[in-house]
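Student: Below is a structure I'd like to ask you about.
The values are calculated or read from the model by the stated rules, or taken from the named source; none is laboratory data. This is a predicted model, so every value here is computed, not measured. Here the Cβ is made from the backbone with ideal geometry for all residues, glycine too, and neighbour counts use every protein chain on show. Accessible surface is based on the protein model in full, side chains and every heavy atom, while ligands, DNA and RNA are left aside. Shrake-Rupley method; radii C 1.70, N 1.55, O 1.52, S 1.80 Å.
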Amino acid sequence: SAVISQKPSRDICQRGTSLTIQCQVDSQVTMMFWYRQQPGQSLTLIATANQGSEATYESGFVIDKFPISRPNLTFSTLTVSNMSPEDSSIYLCSVEQENTGELFFGEGSRLTVL
Amino acid sequence: GDSVTQMEGPVTLSEEAFLTINCTYTATGYPSLFWYVQYPGEGLQLLLKATKADDKGSNKGFEATYRKETTSFHLEKGSVQVSDSAVYFCALGGGYQKVTFGTGTKLQVIP
């Protein structure tokens, strides 16, 4: 199993600003995943972050809007840039138990954009 | 592509009632199947899983059987408690496949 810590746990942001979410894992992992969960919705994968290479973004998500860093095997950040109210969501960091599909999640970062 | 279809919620049950949350899937290959649970204000956590056809996953009184012939993975519990109130997500993936989630089913158990 893996223990994942995210911060901030919640924040209220102004339109047009950017916010960086941090994700720390208690063990080294190859891939880290960033998901978005909009109010009352399921999880949507934003991107997969590999250490030492650029993140792989899913359809509908772009690096300019959601830049990701992955400086080492235990840490990643997701930035939500130039925020609008439509970005109000829970953002979840996740890692996979190697190739099993079993995911471990952080508690999420709940962003509200005014 | 792969997809997961869950019954829509919310589902409201009285304590000690029987629970079924339906989940069907379409997939290429032979993915693993999962149920995740999200308690209020928390992140998702794995509830149970099954890795191949006819496997039964179980945990905390919940069960689900991987039915290849009906492409289903329905979640069941014989007697729900108020503490089971949460959102339940069916998912598939594994073996280098991206994990695909269903839309989630909110369960509310009333005393």
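Student: Can you confirm whether the range B:49-64 contains a residue that is out of contact with any strand residue (DSSP E or B) (no Cβ under 9 Å at 6 or more places or on another chain), free of Cβ contacts under 8 Å to residues at least 12 places away in the same chain and either part of a strand (DSSP E or B) or facing chain A (nearest Cβ under 10 Å) (or both)?
Tutor: There is no residue in the range B:49-64 that is out of contact with any strand residue (DSSP E or B) (no Cβ under 9 Å at 6 or more places or on another chain), free of Cβ contacts under 8 Å to residues at least 12 places away in the same chain and either part of a strand (DSSP E or B) or facing chain A (nearest Cβ under 10 Å) (or both).
Student: Return yes when residue B:77 is under 13 Å from the mean Cα position of the chain (by Cα), open to solvent by 20 Å² or more (accessible area, probe 1.4 Å) and within 9 Å of chain A (Cβ to nearest Cβ) and no when it is not.
Tutor: Considered against the rule, which asks whether it is under 13 Å from the mean Cα position of the chain (by Cα), open to solvent by 20 Å² or more (accessible area, probe 1.4 Å) and within 9 Å of chain A (Cβ to nearest Cβ), residue B:77 comes out as no.
Student: Something else: Of all residues in the range A:25-61, which are farther than 18 Å from residue B:45 by Cβ, outside any strand (DSSP E or B) and among the small types (Gly, Ala, Ser)?
Tutor: Answer for the range A:25-61, where residues must be farther than 18 Å from residue B:45 by Cβ, outside any strand (DSSP E or B) and among the small types (Gly, Ala, Ser): A:40, A:52, A:53, A:55, A:59, A:60.
Student: Right, next: Residue check: is residue A:18 touching a residue at least 40 places away in the same chain (Cβ under 8 Å) and within 27 Å of residue B:39 (Cβ to Cβ)?
Tutor: Considered against the rule, which asks whether it is touching a residue at least 40 places away in the same chain (Cβ under 8 Å) and within 27 Å of residue B:39 (Cβ to Cβ), residue A:18 comes out as no.
Student: Continuing with this model, one more query. Specify the residue that is least open to solvent (accessible area, probe 1.4 Å); the eligible residues are those in the range B:65-74 that are away from every other protein chain (no Cβ under 14 Å) and under 29 Å from residue A:90 (Cα atoms).
Tutor: Once the filter is applied, the top-ranked residue is B:72.
Student: Is it the case that residue B:94 is in contact (Cβ under 8 Å) with a residue 24 or more places away in the chain, closer than 18 Å to residue A:102 by Cα, touching a strand residue (DSSP E or B) at 6+ places or on another chain (Cβ under 7 Å) and at the interface with chain A (Cβ under 10 Å from one of its Cβ atoms)?
Tutor: It is true that residue B:94 is in contact (Cβ under 8 Å) with a residue 24 or more places away in the chain, closer than 18 Å to residue A:102 by Cα, touching a strand residue (DSSP E or B) at 6+ places or on another chain (Cβ under 7 Å) and at the interface with chain A (Cβ under 10 Å from one of its Cβ atoms).
Student: For the range A:77-93, what are the residues that are touching a strand residue (DSSP E or B) at 6+ places or on another chain (Cβ under 9 Å), in contact (Cβ under 8 Å) with a residue 60 or more places away in the chain and more than 8 Å from chain B (Cβ to nearest Cβ)?
Tutor: Across the range A:77-93, the qualifying residues are A:79, A:80, A:81, A:83, A:84, A:85, A:91, A:93.
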